[in-house]
Structures are given as C-alpha cells and as structure tokens.
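Below you'll find the structure, written out as structure tokens, and then a few comments.
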Amino acid sequence: EMPLTKATVTAASRIMLPTYVALTAVIGIVYTFDPLGRLDGVAALAAPRWIMGGQMWPWGLVFLGLSAVMLAAFRQKRREWFVFALYGCAVTFAMWAVLYAVSVVVDPATSLLAPVYPLFVVRACRASAKSLLRGER
C-alpha cells in the first residue's frame, strides 16, 4: 500500500485533500456551534433542520467526524482512510443536495441553486478518491 505523502499524490490532490479537511471542519464548526446565531433563519436549511428535530448540531458532528477521519489519514499517512472519508463526504454531500432540493420545494425563499454546490463537492470527492485508489502521482 502506497502511503499518503506529498511525493505519492498528484499536484491536484496536494491542493484538494487539505481543502476537504478545511471544508468539512468549517461546516462542522458552524453547524455544531452556530457562532453567529443565523442558522435558524436560513431557508435552505429547512429540510435538514426538520430531519434533526429543528437542530443543526448533529449535522455539524457528521462533518466534524469526516474531517477527523481525514486528519487521522494525514497523520497516519493512510491513503485508504482518506478514500473512505472522501466517499463518506460524497454520500453526505449527495444527501445534502437532496435536502436542499426539498428545501427549494418547502420554502420558496430557498435559492434554486442550493443543490448545485453539494453536487459539485460529490464529483470532486469521487474524483479525488479515484485518483488515490489508482495510486496516481
């Protein structure tokens, strides 16, 4: 098994893998702690809030968990751990695309573009996972 090091991944992975860690960590922190107290007013979060009984912090823990797995993968230089986390991100963001689409129907204030970004993240995660699985350098 090839380790997860700067020398054993593509230039794109050297940029994107830390970006996934930061993305999931920031989303996790905001959803867990809602530091500015704004999440209750976000129309696009109507469906995700409803699923969790009006709370966003459980979603935050999901994102923080994904970030923690990625950080552990970096620390242990474990390519397969990062692939696991990337597929976890892909599934999570695919679910978010569906939740945003539901919010578009449920709350007319939700932007029609809300599901687009999570779908992009799904594609990016899958591309990075495939690159890691293939051992691309």
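The values are calculated or read from the model by the stated rules, or taken from the named source; none is laboratory data. Small disclaimer: the values here were computed from a predicted structure and weren't measured. All Cβ positions, glycine included, derive from the backbone under ideal geometry; neighbour counts span all protein chains shown. Each accessible area value is taken on the protein alone, full model and side chains, heavy atoms only, with ligands, DNA and RNA left out. Shrake-Rupley method; radii C 1.70, N 1.55, O 1.52, S 1.80 Å.
Before moving on, here are some points about what is shown:
- Residue in region 42-52 that is small (G, A, S) and in contact with a Leu (Cβ under 8 Å, 6 or more places away or on another chain) present: yes
- Selection of region 86-130 for residues being small (G, A, S) and either touching a His at 6+ places or on another chain (Cβ under 6 Å) or not in a helix (DSSP H, G or I) (or both) yields A109, S111, A114.
- Test: residue in region 47-64 that is over 22 Å from L99 (Cβ atoms) and open to solvent by 60 Å² or more (accessible area, probe 1.4 Å): no
- Output for region 110-134, where each listed residue is touching a residue at least 60 places away in the same chain (Cβ under 8 Å) and surrounded by 19 or more Cβ atoms within 10 Å (Cβ to Cβ): T110, A114, V121, A124, C125, S128, S131, L132
- Of all residues making up region 83-103, the number that are of a type outside the set (G, A, S) and either touching an Asp or Glu at 6+ places or on another chain (Cβ under 8 Å) or touching a residue at least 40 places away in the same chain (Cβ under 8 Å) (or both): 8
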